[in-house]
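What follows is one structure encoded as structure tokens, with my remarks underneath.
The values are calculated or read from the model by the stated rules, or taken from the named source; none is laboratory data. Remember, predicted model here, so these are calculated numbers, not experimental data. So basically every Cβ, Gly included, is an ideal-geometry build from the backbone, and we count neighbours across all protein chains shown. The accessibility values were calculated without ligands, DNA or RNA, using every heavy atom of the protein model including side chains. Shrake-Rupley method; radii C 1.70, N 1.55, O 1.52, S 1.80 Å.
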Amino acid sequence: MKQNFTVRQGALDGVETFLNVARHRSFRRAAAALGVTTSAVSQTIRLLEARVGAALLTRTTRSVGLTEAGKRFLERAAPAFEELVAAAEAARDLGQRPAGLLRLAVPRAVVPLLLEPQIASFCQAYPEIEVEIAASEEMVDLAAHGFDAGIRLGQFISPDMVAIRLTPPFPFAVVASPDYLDRHPPPQRIDDLRGHACLRIRRSNGSIGSWSFMEDGKAVEAIVSGPLVAHDYPTLLGAAIQGLGLAQVPAPITQAPIADGRLLEVLSSFAVSTPGVFLYHPGRRQVLPKLRAFIEHVRHQG
């Protein structure tokens, strides 16, 4: 059953004043508690009663009481108002200190590259923040899906997002296993890729990505083919390590397998550079402390 949360404009006006009068049984004492004049309290109550359509209070020169309508109003309004106050305090608390649930949308390749080395120290430094990482290659709508921020390569971030650099620019590297290159002559030029098994990535929009290079100062797009299409770079990297073919992936994730001899880089003189990895979020207003703390932690620990 669909609930209707529509509230008439001004429906909450005067509720706090009424609750104070009902509590103190006095317009004067209610006015003192609220820091306003007695006449202001009286006027607010009159407007509230007119809006409700029933008298809520009985007034004599000596006392203030509740009508039957006022008693019913008090029974429902008092706990609801307390919940509103508690909700405001909870929201204010999250706006003043690093706490709460921090939800991040990140590509799988970013998890070992940026997050794994730092997430433990961040959680230890901020025990009141609970971190949720959604590893996906999809370009999700952060606001619609309840994420505080995302992390992506700079070229894939919408210009209407607030972007914070997390890494310097880096190249895309073409790599293959020594075993594959023993069986296939290493490519020397971009055109040589036609004779190779090239492992490709499918973008979040459904298209299969071409390979990008720089040749003689100009951008070159190479349409390649091969036995595997994957949705993320770690899968392509793993397939290249297993000798399935060539893969073009972000250079930072190739450093360890190149260092230990599992991969070799080819066509390095034609490598194209990417702007780097950025954290992005939609809010141009004040950033909540939990997200600000994460940004500063990643920047300083990176």
| query | What does the convex hull of the alpha-carbon atoms of the range 53-159 project to on average, in nm²? | reply | 12.5
| request: Would you pull out the residues with amide H under 5 Å of residue 167's amide H, same chain only if 5 or more places away, H placed 1.01 Å from N? | output: 277
| note | The local net charge around residue 216, scoring Lys/Arg +1 and Asp/Glu -1 for residues other than residue 216 whose Cβ lies under 15 Å from its Cβ, equals -1
| query | In a solvent-free Debye calculation with one equal scatterer on each Cα, what is log10 I(q)/I(0) for the range 106-257 at q = 0.09, 0.13, 0.16, 0.20 Å⁻¹, listed in the order of the q values? | reply | -0.35, -0.70, -0.99, -1.37
| task | Estimate the FRET efficiency between residue 202 and residue 111 by the formula 1/(1 + (r/R0)^6), using the beta-carbon distance for r and 25 Å for R0, to the nearest 0.05. | result | 0.85
| query | Tell me, what is the FRET efficiency for residue 34 and residue 97 to the nearest 0.05, using R0 = 30 angstrom and their Cβ-Cβ distance as r? | reply | 0.55
| field | Karplus-derived HN-Hα couplings along the range 214-222 (A = 6.51, B = -1.76, C = 1.60, θ = phi - 60°), whole Hz, x at Gly and Pro | value | 10, 9, 6, x, 10, 6, 10, 9, 10
| Taking a probe of 1.4 Å, how large is the accessible area per residue of the range 112-242, in Å²? | 54
| message | Over all directions, the average projected area of the alpha-carbon convex hull for the range 137-217 comes to how many nm²? | response | 8.1
| task | Report in % the part of the accessible area of the range 125-182 that belongs to carbon and sulfur, leaving out ligands and nucleic acids; probe 1.4 Å. | result | 54
| task | Could you list which residues have their amide H under 5 Å from that of residue 149, counting only those 5 or more apart in sequence or on another chain, with H placed in the peptide plane? | result | 103, 105
| said: How much length would be gained if the chain were fully extended between residue 84 and residue 144, taking 0.36 nm per residue of separation minus their Cα-Cα distance, in nm to one decimal? | reply: 19.2 nm
| task | Per residue of the range 156-166, in order, report the coupling 6.51 cos²θ - 1.76 cosθ + 1.60 (Karplus, θ = phi - 60°) as ³J(HN,Hα) in whole Hz, putting x for Gly and Pro. | result | 9, 9, 5, x, 8, 8, 7, 10, 10, 5, 10
| said: What does DSSP give for the chain in terms of the percent of beta bridges that are antiparallel, rounded to the nearest 5? | reply: 65
| query | If each Cα of the range 185-268 is one equal point scatterer, what is log10 of I(q)/I(0) from the Debye formula at q = 0.11, 0.12, 0.14, 0.19 Å⁻¹? | reply | -0.28, -0.34, -0.47, -0.88
| message | If I model the chain as equal point scatterers sitting on the Cα atoms and use the Debye formula, what is log10 I(q)/I(0) at q = 0.08, 0.11 Å⁻¹? | response | -0.57, -0.78
| Of the residues 14, 261, 226, which exhibits the maximal mean-square fluctuation in a Gaussian network model of the chain defined by a 10 Å Cα contact cut-off? | 14
